[in-house]
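Report on the structure given below.
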Amino acid sequence: MNGLRDALPQYVALRRALGTKLQEPARTLEHFLDFLEREGSEFITSELALRWAIEPQGVQRATWARRLGMVRRFAAWFSTIDTRTEVPPHRLLAPRRKRNKPHIFTDQEVERLMAEATRLSSSTGLRALTYTTLIGLLTATGLRPGEALALDRSDVDLETGILAIRQTKFGKSRFVPVSDSTRVALQEYAKQRDALRRSRGTDAFLVSDRGARVEGCTARRTFARISCSIGLRTTAGNRRFGRGPRLQDFRHCFATRKLIEWYRAGVDVGREMPKLTTYLGHVDVAHTYWYLEAVPELLQLATDRVGGHQTGGGQ
């Protein structure tokens, strides 16, 4: 911490020499260093910077972004002195295009969706089996829908429970371990799939009723129909299936539940976040931190964590 304390006056002097008044940022950065000291951290991390930035309540998001920006600039400069320093990504709290608000499925909604999927009609019965498995797989793993549909049989190790996700978004590949219950469910699907469709016309793991790989547009349309059937979507105007949950929301749900689980268990979220980023295949940890901003319960848990640390530090 002494290194940061000693470096701050140098940073302020440098910025002022470059023509910046730096009055408010200088005081604000002193408060940030006080926060780091209470947290017992000797260096800056993105998680601590974000938690400190969102401390003020009843303010606009722009205020949080400005506070984080002050820390980001200081961290970028200090990282040349202490390589342990993390520079908060620009995407954190930054203005950007509006993203769809994620729908976080309840356990009951997932059960109803899977039950409705079993009622999908087809000549072989494979359609219902495939969509039930797809919903279960996305719920259990947080895969992107396209990643699940792109799985080949050789990508799914039914003995070890490892999925090989190859050259997906941003050209990244990764291995995704699944729970034993998910492995058994996939094993059962493969057994029933091969019994229903003895001729193998595709290498795809998830197969349509016609024996081909399920196309993304077909999967999205079918899921929208299932959602309408149980009341999660309502038709509106000329939109046949209206607006509502999407297949992508299972990924948001997986990430959100994991973060909520960590916060409630008192886990060091900053330390665990890179693991979740890797598991999900995000190219930048900022994409994972987005859930803190997008889901009110997560933001409240992060805020409560800050308040708990402050209370503990004052005893």
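Where the accessible area of segment 31-163 is counted over protein heavy atoms with a 1.4 Å probe, how much of it, in %, is carbon and sulfur? Could the numbers behind the result be given before it?
Values: 3230 of 6360 Å².
Whole-percent figure for carbon plus sulfur exposure: 51.
Using 0.36 nm per residue, how much length does the chain from Q300 to A62 gain when fully extended, once their Cα-Cα distance is taken away? List each step's numbers first, then the result.
Values: separation 238, 0.36 × 238 = 85.68 nm, distance 1.78 nm.
Contour length minus the Cα-Cα distance gives 83.9 nm.
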Worksheet item: What order do you get for 277-286, 140-149 when each peptide is scored by the mean count of other beta carbon atoms within 10 Å, highest first?
Response: 140-149, 277-286
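In square angstrom, what is the accessible area per residue of segment 170-275 with a 1.4 angstrom probe? If you can, show how the numbers build up before the last one.
Numbers: 5930 Å² over 106 residues.
With the other protein chains kept in place, segment 170-275 gives 56 Å² per residue.
Taking N as the number of residues in segment 97-158, what is its Cα Rg relative to 2.2 N^0.38 Å?
Details: Rg = 13.7 Å, N = 62, 2.2 N^0.38 = 10.6 Å.
Rg over 2.2 N^0.38 Å, computed on Cα atoms: 1.30.
The values are calculated or read from the model by the stated rules, or taken from the named source; none is laboratory data. All of these numbers come straight from a predicted model, not from anything done at the bench. Here the Cβ is made from the backbone with ideal geometry for all residues, glycine too, and neighbour counts use every protein chain on show. Remember, those area values only see protein heavy atoms, side chains included, never the ligands or the DNA or RNA. Shrake-Rupley method; radii C 1.70, N 1.55, O 1.52, S 1.80 Å.
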